[in-house]
Structures are given as structure tokens and as C-alpha cells.
Amino acid sequence: MMLVTLFVLFGEDLRLLSFPPSTDSTFAVLNNICFFLFLLELLLNCWAKSAFSKVKVKVRGRDILKVKVTGYMFSFFFWLDLLAVLSMIPDIGWLASLLGIGAWSGAGNVGTKVGRAGRIGAKTGRIVRMVRLVRLVKLYKITSRRRRERKMMDDLQKLVEMGHIDHSEVAQYLAKMNAQKQSKV
């Protein structure tokens, strides 16, 4: 996903700087693929990293069942990922036109409207890039954490093979590490 994020961040600029107009449709297809990959990742994170439970609440003497959501869904990173996915909508031509945000139209002083729209677009673009950059940093953190965990598992396996620790100590350590990881979610 890191390569997909890098493409979304810099692909449009790369296309404008280095590629002929005949490649626009290829980049549009790649943007569509990236959009759906990010959307799929958002949905899978909601499914895998969230816990849903039913809670009974008394309201005016009646029991009402409510759903309590903990974990990823509605957390800071959920909103960040959702904002990143939504920020891609203007880049997806068919979706932008479907939602009515595709093209500017109207009468009057077109030059003024286009200039104002350009300034607004530039400011919005900088904000969107920052959101996407935060997402890239998050992906980097996850990757480096997984690399550290893999190295730690290899080290534990070597210690077991050398006879310095036994399997029960490793199981206790892994259970403790798993509990700490679950508390962070």
C-alpha cells in the first residue's frame, strides 16, 4: 500500500511533468484502482480492527439495545483514512461528475471564477497532500513495527534453540506482548 500511497501523492504531478497527454487514460485507470484499494483497506480495517458489542440502555423505563463500537472504527486514524479516500473523489472523473463536482460552469466573469477556483484548489490540494502524507507516515510506522516484531521473534527462536529460555517463557512473553498490542487498538 505504500507504493499506492506514493502514486496517489505524486502520480498526477509526474504525469503532468513527464508523460504525453495520450497517457491520461492510463493514469485515470490507475487512480481508480488506487481509490478502490484505499476504500477496500478502510472497510477491511473497520472489520478487522473494530469490536462491536450490544449494550442495553434504559430510556424512559424501556430497555433499548445500542451497538458499542471500540477499536479502529471512529478513531482518529479511521477519520484520517476516510478523509484521504474522500479527497480522491475529485481525481476520479466519473465519480466527480456523478456527484456534480466535475466541472465549473456558469455565466459571468469566468476569469475571476477560474482564478478563485484555482486558489481554492491549490489550498485544498496542499491540505489533501498533508493528509495523504500523514497516511504515508502511518504506513511506515506499521511496517517498521512489523519488522521489529519479526526480528524479535527470530531472536526468541534462537534463544530457545540455544537453550537459554524454554517454550513456556516464550508463550508467557508472547501473551504479554499480545495483551499490550490489544490495549493499543
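The values are calculated or read from the model by the stated rules, or taken from the named source; none is laboratory data. Please read these numbers as outputs of a predicted model, since none were measured by experiment. Only protein heavy atoms, including side chains, enter the accessible area calculation; ligands, DNA and RNA are left aside. Shrake-Rupley method; radii C 1.70, N 1.55, O 1.52, S 1.80 Å.
From the square roots a ≥ b ≥ c of the eigenvalues of the alpha-carbon gyration tensor of the stretch 48-95, which class results: rounded (a/c under 1.5), prolate (a/b over b/c), or oblate?
Details: a/c = 4.21, a/b = 2.49, b/c = 1.69.
Because a/c hits 1.5 or more and a/b exceeds b/c, the stretch 48-95 counts as prolate.
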Task: M88, M130, M1, ranked by accessible area, largest first (probe 1.4 Å) - done: M130, M1, M88
Task: Over 32 Å (Cα to Cα) - which of K68/K141; K58/K141; K66/K151; K56/K138; K49/K151 fall in this group - done: K58/K141; K66/K151; K56/K138
Task: Linear extension gain, A28 paired with V170, 0.36 nm per residue minus alpha-carbon span - done: 46.1 nm
